[in-house]
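Asker: Quick one: the structure is below, questions incoming.
The values are calculated or read from the model by the stated rules, or taken from the named source; none is laboratory data. Note that the structure is predicted; figures quoted are calculated from it, not measured. Every residue, glycine among them, receives a Cβ derived from its backbone with ideal geometry; neighbour counts consider all protein chains shown. In case anyone asks, the SASA skips ligands and DNA or RNA and just uses the protein heavy atoms, side chains included. Shrake-Rupley method; radii C 1.70, N 1.55, O 1.52, S 1.80 Å.
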Amino acid sequence: MNLRLALPGGRVLKVDVQFPYDANPIGYRALVGSKTAIVVGVADKGEKGEKVVFPDRKPITTEKHINALISMGIAYGLNPWYLLHELLPAPFDWEEVEVIKLTEKDWKHLDKLSTDLLEYLKEKKEVKKEKLEEKFGKQLVEKLLSLGFLTVEKVWKAPDLEVVSYRLVLTPQEAYLRLRRFKNKSEKIRLISYLAGRAYATQEELKENGFSSKDIKDLLKKGIIEEFSQHIEEVLLTPKSLRQERVLFLKPMGNKGVLFGNWKRVLETFYSLVEEKVSRNKSVFIYCRGRELLNRVYSELKSLYGDRVLRISSMEKGKEFVKRWFFAQESPCVVVGSDVSLLLHVKDPALFVCIYEQEPKLHNGVDIRNYLYELSKLYASEFLIIAPFLPLEVYGKKGWTVSSFNPSCEVKVIKKTGSGVLAPETIEILKTCSEEKNLFLVNKHGYAYAFCKKCGWLVECPRCSTLLTLSKQKDKVFCTSCNYRAPNQCPECKSPLEEYGFGLDKAIEEVSKAFGYKDNFYFDTTPRLLEEYDNVFILHCDNLLSLPHFDAQEKYFSYVWKSACIAKKRLIVQTLIEENSLLEYIKSFDWEGFVKEELERRKEEYLPPYSRLIRARFTRLPEKSLLALPGNVSLRRMGGVVDALIRVEKSLGGRVLKAVRSLNPIELEVI
C-alpha cells in the first residue's frame with residue numbers, strides 16, 4: 001500500500017509498505033527511521049525498502065481531525081503537518097534509542113565492579129547506553145561489551161511523564177512576613193494566595209496563571225513553598241458544588257451557541273446540556289484552556305457520570321494516558337481535555353465545547369475555537385463556546401444562539417481623584433466589609449506605569465510591547481515580561497517619563513498599611529472566574545483604555561464584566577475618567593448595548609471582525625516585501641525592532657499570513 005506519512009518538521013514521506021490492519025490507514029501512527037510519523041493519506045506511489053512499524057492496533061486520530069488541521073493550515077498560513085506534530089501528545093512521540101541488555105554469558109567469577117554493573121542491569125532489564133556509562137564509566141561498559149557480557153539493541157521508547165508540583169509549607173501570614181525584604185513582592189503575594197487555597201499546584205498550572213519561575217525560586221529559597229515530583233492519575237481536589245438542584249436547560253441552543261455571564265449559572269446550564277447528550281448515549285468533547293479550569297470541570301462532571309468521564313491532559317502518566325485515549329474510541333464518553341487532547345477521536349460525538357478564560361490560541365496564532373468549530377462541522381455535531389464574555393465576531397451571525405446570565409451584584413462606580421490607591425469612599429466601604437472575602441484588582445504588575453506626556457500615551461517595551469513599569473525611585477523603567485531595563489526616558493522621543501496610576505505592588509503596600517495583612521484579602525491583576533468573592537474592588541483598570549489598540553474598549557468592558565460575574569454582593573469600580581459610557585452599560589448589565597456600539601464603530605473603521613489584522617515584529621525590516629502585500633500595511637520602529645500592522649480582507653488572510661511567516665518574524669499575532 002502506498003501511504004503518505006507526515007514527519008516532524010512538516011515533511012511528508014511517501015512509502016510503499018504492507019499495512020497490517022484491515023482498516024483505513026489514515027490516522028495511524030508509524031515508526032520510521034528514528035522518528036514518529038502519522039499516516040495522513042494514500043499516495044499514488046511510494047518508496048520501497050523503508051522499514052516502517054505500526055505500533056498501535058487503532059488509529060490515534062481520524063481523517064476528520066486531519067482535514068480540520070488542513071483547513072487551519074490554509075486559514076493561518078501554516079504547514080498542517082507541522083501543526084499535527086505540535087499537537088501530538090508526548091506519550092505517542094516515541095524515539096529510537098540504544099539500550100544495553102545482558103547476554104546469557106556466565107559472569108559469576110568477574111570482579112566486584114563488573115558484577116555490580118551486571119547486577120544493576122539484571123534488575124533494570126535494559127538501560128540507555130549513555131546512562132549506564134554515566135553511572136559506571138564508559139571504559140567498563142565498552143570492556144564488558146567487547147567480552148560479550150553485554151549487547152546493544154535499538155528500541156523505541158515512549159517518554160516518561162513526570163509532573164513537578166509546588167505546595168505551601170507555611171501559613172499565609174507567616175509567608176507574608178518572610179517577604180518583607182523583597183522590593184517587588186506583589187506577584188509573590190499573589191502566588192502565596194493562589195497556593196493557600198490548594199493542596200498543591202503543578203508547574204504547568206502556575207505557568208498558565210502567569211507566575212514567573214523567578215518568583216517560584218525565591219519562595220523556594222525562603223522556605224515558603226516546597227517542590228516535589230509525582231506521576232498524577234487523579235488530582236486530589238475537593239469538588240465545589242456549583243448547583244443547588246438539578247435543572248434542565250430547556251431553551252434549545254441550536255448547532256452553534258455561546259454561554260457567558262455569571263459563572264455559576266453558566267456551568268449549571270452547561271451541565272444540563274451535557275446530561276441531555278449523555279442520556280442519548282452520545283459523546284461530548286470538552287476543551288478547557290487552563291489546568292485549574294480543566295480540573296474544576298472534570299471534578300464536577302466526574303461526580304455526575306463517574307467512569308464515563310475521562311480527563312485527557314499532561315497530568316496523566318504514560319500508560320494511563322494511552323489507555324484513556326483508546327478507550328474514548330470504544331464507548332460513548334465525556335472527555336475533558338487540554339491542548340494534548342485536540343487530536344483525540346471520541347465515539348459518536350454530539351457536542352464539541354470550548355471553555356476558556358483567556359483567548360484560546362496556540363503559540364503559532366491558531367485559534368482553537370476555529371479548529372473545534374471546523375471539527376464539529378465535519379462530524380455534523382453541535383458546537384458550544386463558554387467564555388467570560390461574548391466573542392464579538394459571533395454576535396448577530398446567522399445560526400448562532402447566544403445565552404447570557406447577567407451578574408447579580410450591586411455595581412458602584414467611584415470617581416477617584418489624586419494619586420492615592422484608595423479613594424475615601426472606597427475606604428469607608430472597606431471598613432464595613434473588612435471581615436468578608438474581598439478581592440482587590442489592579443491591572444498592572446509592579447509599582448506604577450511609565451507615561452510620556454509629550455507622546456500622550458503609556459510607554460510600551462521596545463522588545464515585547466508590554467507596558468513599561470516605572471521604578472519606585474523613578475530613575476529607571478523596566479518590563480515585567482522580558483526584563484528589559486533602561487533609564488527613565490521615552491524610547492520614542494527621549495523625554496523624561498512620569499508616574500501614571502499604580503501597580504499591584506503599590507496597591508498591596510497601601511491596603512496593607514490601612515488594614516494589615518489579612519487572610520481574607522486577595523490581590524490579583526486580573527479577575528479569574530473559578531473563585532467567587534463577597535466583594536470585588538477594581539482599584540485601577542483605566543489603563544486598558546490608554547492602550548493604542550483597536551480592541552481597548554472591548555478589553556476594558558470584558559475585564560469589568562468578568563469582575564462583576566465573580567462578585568456575590570458588590571463590585572466597586574474606581575475610575576479617573578469623568579465620562580465613561582462603558583461603565584454605564586456595566587451598571588445596567590447592558591452587554592448588548594455595548595456590543596452594538598462597538599461593532600458599529602469597527603464596521604465604520606474596517607476593523608475585526610470585518611477584516612483581519614496581523615501584527616508582526618522583525619529585527620530586520622523586509623520593507624519591500626511587506627509593502628507589496630495586499631491590504632493596508634503600517635510600520636513602526638521601536639529601538640532595534642520594527643512592528644508591522646497589516647489589515648487585510650478576511651478572504652486573503654491565509655495567503656498574507658503565509659507570506660508574513662516566510663519573512664521570519666520574531667513575534668506574530670493573528671486577529
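This table checks each residue for (1) farther than 19 Å from Cys354 by Cα; (2) surrounded by 20 or more Cβ atoms within 10 Å (Cβ to Cβ); (3) modelled with pLDDT under 80.
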| residue | (1), (2), (3) |
| --- | --- |
| Leu219 | yes, yes, no |
| Glu233 | yes, no, yes |
| Arg296 | no, yes, no |
| Arg311 | no, yes, no |
| Gly318 | yes, no, yes |
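Asker: Are any residues in region 17-32 farther than 19 Å from Asn67 by Cα and open to solvent by 50 Å² or more (accessible area, probe 1.4 Å), and if so, which ones?
Answerer: Gln18, Pro20, Tyr21, Asp22
Asker: Could you check, for region 623-637, whether at least one of its residues is touching a residue at least 60 places away in the same chain (Cβ under 8 Å), surrounded by 13 or more Cβ atoms within 10 Å (Cβ to Cβ) and farther than 26 Å from Asn406 by Cβ?
Answerer: Of region 623-637, the ones touching a residue at least 60 places away in the same chain (Cβ under 8 Å) are none.
Within region 623-637, none of the residues are touching a residue at least 60 places away in the same chain (Cβ under 8 Å), surrounded by 13 or more Cβ atoms within 10 Å (Cβ to Cβ) and farther than 26 Å from Asn406 by Cβ.
Asker: Here is a further query. Identify the single condition in (1) surrounded by fewer than 17 Cβ atoms within 10 Å (Cβ to Cβ); (2) farther than 30 Å from Lys222 by Cβ that Val169 does not satisfy, given that it satisfies every other one.
Answerer: Condition not satisfied by Val169: (2).
Asker: Does any residue of region 290-312 turn out to be under 15 Å from Tyr271 (Cβ atoms), over 24 Å from the mean Cα position of the chain (by Cα) and either aromatic (Phe, Trp, Tyr) or part of a loop (DSSP other than H, G, I, E, B) (or both)?
Answerer: Scanning region 290-312 turns up at least one residue that is under 15 Å from Tyr271 (Cβ atoms), over 24 Å from the mean Cα position of the chain (by Cα) and either aromatic (Phe, Trp, Tyr) or part of a loop (DSSP other than H, G, I, E, B) (or both).
Asker: So, of the residues in region 321-373 that are small (Gly, Ala, Ser) and either within 17 Å of Leu83 (Cα to Cα) or within 13 Å of the chain's Cα centre (by Cα) (or both), which turns out to be surrounded by the fewest Cβ atoms within 10 Å (Cβ to Cβ)?
Answerer: So in region 321-373, the residues small (Gly, Ala, Ser) come out as 328, 331, 337-338, 341, 350, 365.
Checking which are either within 17 Å of Leu83 (Cα to Cα) or within 13 Å of the chain's Cα centre (by Cα) (or both) leaves us with 337-338, 341, 365.
Numbers: Gly337: 23, Ser338: 21, Ser341: 26, Gly365: 19.
Ranking the candidates gives Gly365 first.
Asker: Of the conditions (1) at pLDDT 90 or above; (2) touching a helix residue (DSSP H, G or I) at 6+ places or on another chain (Cβ under 7 Å); (3) open to solvent by 10 Å² or more (accessible area, probe 1.4 Å); (4) assigned to a loop (DSSP other than H, G, I, E, B), Glu435 clears all except one; give me its number.
Answerer: (2)
Asker: From Pro462, Pro491, which residue is within 22 Å of Arg615 (Cβ to Cβ), open to solvent by less than 20 Å² (accessible area, probe 1.4 Å) and either modelled with pLDDT under 80 or not in a strand (DSSP E or B) (or both)? Steps first, answer last, please.
Answerer: Working: Pro491 fails: open to solvent by less than 20 Å² (accessible area, probe 1.4 Å).
Among Pro462, Pro491, only Pro462 is within 22 Å of Arg615 (Cβ to Cβ), open to solvent by less than 20 Å² (accessible area, probe 1.4 Å) and either modelled with pLDDT under 80 or not in a strand (DSSP E or B) (or both).
Asker: I've got another one for you. Just to confirm my filter: which strands (runs of 3 or more DSSP E) fall fully inside region 498-611 and include at least 2 residues that are within 28 Å of Glu292 (Cα to Cα)?
Answerer: 521-524, 533-540, 567-575
Asker: Of all residues in region 412-428, which are touching a Phe, Trp or Tyr at 6+ places or on another chain (Cβ under 8 Å) and either modelled with pLDDT of 90 or more or of a type in the set (A, V, I, L, M) (or both)?
Answerer: Of everything in region 412-428, those that are touching a Phe, Trp or Tyr at 6+ places or on another chain (Cβ under 8 Å) and either modelled with pLDDT of 90 or more or of a type in the set (A, V, I, L, M) (or both) turn out to be Val421, Thr426.
Asker: Looking at (1) assigned to a loop (DSSP other than H, G, I, E, B); (2) within 23 Å of Asp348 (Cβ to Cβ); (3) hydrophobic (A, V, I, L, M, F, W, C), find the lone condition where Phe19 falls short.
Answerer: With (1) assigned to a loop (DSSP other than H, G, I, E, B); (2) within 23 Å of Asp348 (Cβ to Cβ); (3) hydrophobic (A, V, I, L, M, F, W, C) applied to Phe19, the lone miss is (2).
Asker: Another one. Would you be able to tell me the number of residues in region 372-396 that are free of Cβ contacts under 8 Å to residues at least 12 places away in the same chain and not aliphatic (A, V, I, L, M)? Give the steps one after another, and end with the answer.
Answerer: Here is the first cut: in region 372-396, the residues free of Cβ contacts under 8 Å to residues at least 12 places away in the same chain are 377, 380.
Checking the rest, the ones that are also not aliphatic (A, V, I, L, M) come to 377.
The qualifying residues number 1.
Asker: Then there's this: Among the aromatic types (Phe, Trp, Tyr) and more than 30 Å from Ile355 (Cα to Cα) - does that describe any residue in region 474-492?
Answerer: The initial filter retains those residues of region 474-492 that are among the aromatic types (Phe, Trp, Tyr), namely 478, 484.
Subsequent filtering for residues that are more than 30 Å from Ile355 (Cα to Cα) retains 478, 484.
Checked against the condition, which is being among the aromatic types (Phe, Trp, Tyr) and more than 30 Å from Ile355 (Cα to Cα), region 474-492 yields at least one hit.
Asker: Let me ask another. Select from region 421-466 the residues that are more than 30 Å from Glu492 (Cβ to Cβ) and of a type in the set (A, V, I, L, M) and list them in ascending order. Break it down stepwise before answering.
Answerer: Step one: filter region 421-466 for residues more than 30 Å from Glu492 (Cβ to Cβ), giving 422-440.
Leu422, Ala423, Ile427, Ile429, Leu430, Leu439, listed by residue number.
Asker: Quick check on region 196-206. Is at least one of its residues within 22 Å of the chain's Cα centre (by Cα), at pLDDT 80 or above and among the basic types (Lys, Arg)?
Answerer: no
Asker: Among the helices (runs of 4 or more DSSP H) contained in region 69-141, which hold 1 or more residues that are under 41 Å from the mean Cα position of the chain (by Cα) and aliphatic (A, V, I, L, M)? Write out each step before concluding.
Answerer: Working: elements: 80-87, 112-124, 129-136.
Hits in region 69-141: 80-87, 129-136.
Asker: List the number of the failed condition for Lys454; all other conditions in (1) modelled with pLDDT of 95 or more; (2) open to solvent by 10 Å² or more (accessible area, probe 1.4 Å) hold.
Answerer: (1)
Asker: Taking region 374-390, which residues are in a loop (DSSP other than H, G, I, E, B), hydrophobic (A, V, I, L, M, F, W, C) and open to solvent by 10 Å² or more (accessible area, probe 1.4 Å)? So that I can check it myself, show each step before the final result.
Answerer: To start, the set of residues in region 374-390 that are in a loop (DSSP other than H, G, I, E, B) comprises 379-381, 388-390.
Next cut, hydrophobic (A, V, I, L, M, F, W, C) only: 380, 389-390.
Within region 374-390, Ala380, Phe389 qualify.
Asker: Taking Ser408, is it closer than 25 Å to Val511 by Cβ, in contact (Cβ under 8 Å) with a residue 12 or more places away in the chain and surrounded by fewer than 16 Cβ atoms within 10 Å (Cβ to Cβ)? Show your work before the answer.
Answerer: On the way: closer than 25 Å to Val511 by Cβ: no; in contact (Cβ under 8 Å) with a residue 12 or more places away in the chain: yes; surrounded by fewer than 16 Cβ atoms within 10 Å (Cβ to Cβ): yes.
In short, no.
Asker: So is Arg570 modelled with pLDDT of 95 or more and open to solvent by 50 Å² or more (accessible area, probe 1.4 Å) or not? Let's see the steps before the verdict.
Answerer: Working: modelled with pLDDT of 95 or more: yes; open to solvent by 50 Å² or more (accessible area, probe 1.4 Å): yes.
Considered against the rule, which asks whether it is modelled with pLDDT of 95 or more and open to solvent by 50 Å² or more (accessible area, probe 1.4 Å), Arg570 comes out as yes.
Asker: Here's something else I'd like to know. Contact list please: Cβ distance under 6 Å, first residue in region 596-608 and farther than 16 Å from Leu390 by Cβ, second residue outside any helix (DSSP H, G or I) and not basic (Lys, Arg), pairs at least six apart or on different chains.
Answerer: Sorted first by the residue in region 596-608, then by its partner, the pairs are Lys603/Tyr610; Leu607/Phe550.
Asker: Please state which one of Asp44, Asp93 is closer than 25 Å to Ser314 by Cα and surrounded by fewer than 15 Cβ atoms within 10 Å (Cβ to Cβ).
Answerer: On the way: Asp44 fails: closer than 25 Å to Ser314 by Cα.
Sole residue among the options that is closer than 25 Å to Ser314 by Cα and surrounded by fewer than 15 Cβ atoms within 10 Å (Cβ to Cβ): Asp93.
Asker: Taking region 175-196 as the search range and keeping residues that are in contact (Cβ under 8 Å) with a residue 60 or more places away in the chain and closer than 16 Å to Gly503 by Cα, which one is surrounded by the fewest Cβ atoms within 10 Å (Cβ to Cβ)?
Answerer: Lys183
The rows are residues; the columns are (1) among the β-branched types (Val, Ile, Thr); (2) closer than 15 Å to Val442 by Cβ; (3) open to solvent by 10 Å² or more (accessible area, probe 1.4 Å).
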{"site": "Asp519", "(1), (2), (3)": "no, no, yes"}
{"site": "Glu531", "(1), (2), (3)": "no, no, yes"}
{"site": "Tyr559", "(1), (2), (3)": "no, yes, yes"}
{"site": "Leu583", "(1), (2), (3)": "no, no, no"}
{"site": "Lys603", "(1), (2), (3)": "no, no, yes"}
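Asker: Restricting attention to region 411-432, which residues are open to solvent by 30 Å² or more (accessible area, probe 1.4 Å), within 30 Å of Cys479 (Cβ to Cβ) and of a type in the set (Val, Ile, Thr)?
Answerer: Thr417 - this is the single residue of region 411-432 that is open to solvent by 30 Å² or more (accessible area, probe 1.4 Å), within 30 Å of Cys479 (Cβ to Cβ) and of a type in the set (Val, Ile, Thr).
Asker: What are the pairs with Cβ atoms under 7 angstrom where one residue, in region 460-483, is on the phi > 0 side of the Ramachandran plot and the other, located anywhere, is part of a loop (DSSP other than H, G, I, E, B) and surrounded by fewer than 19 Cβ atoms within 10 Å (Cβ to Cβ)? Sequence gap at least six, or different chains.
Answerer: So the pair list comes out as Lys474/Asn488.
Asker: What are the residue pairs meeting all of these: first residue in region 648-662, first residue over 15 Å from Ser625 (Cβ atoms), second residue β-branched (Val, Ile, Thr) and at pLDDT below 90, Cβ atoms under 9 Å, and 6 or more apart or on different chains?
Answerer: Listed by first residue and then by second, the contacts come to Gly653/Val670.
Asker: Among the residues of region 283-292, is there at least one that is open to solvent by less than 10 Å² (accessible area, probe 1.4 Å) and of a type in the set (Phe, Trp, Tyr)?
Answerer: Yes, some residue in region 283-292 is open to solvent by less than 10 Å² (accessible area, probe 1.4 Å) and of a type in the set (Phe, Trp, Tyr).
Asker: If the Cβ limit is 8 Å and pairs must be 6+ apart or interchain, which residue in region 533-552 that is more than 30 Å from Glu435 (Cβ to Cβ) pairs with which residue that is part of a loop (DSSP other than H, G, I, E, B) and among the small types (Gly, Ala, Ser)?
Answerer: Filtered contacts from region 533-552: Asn543/Gly501.
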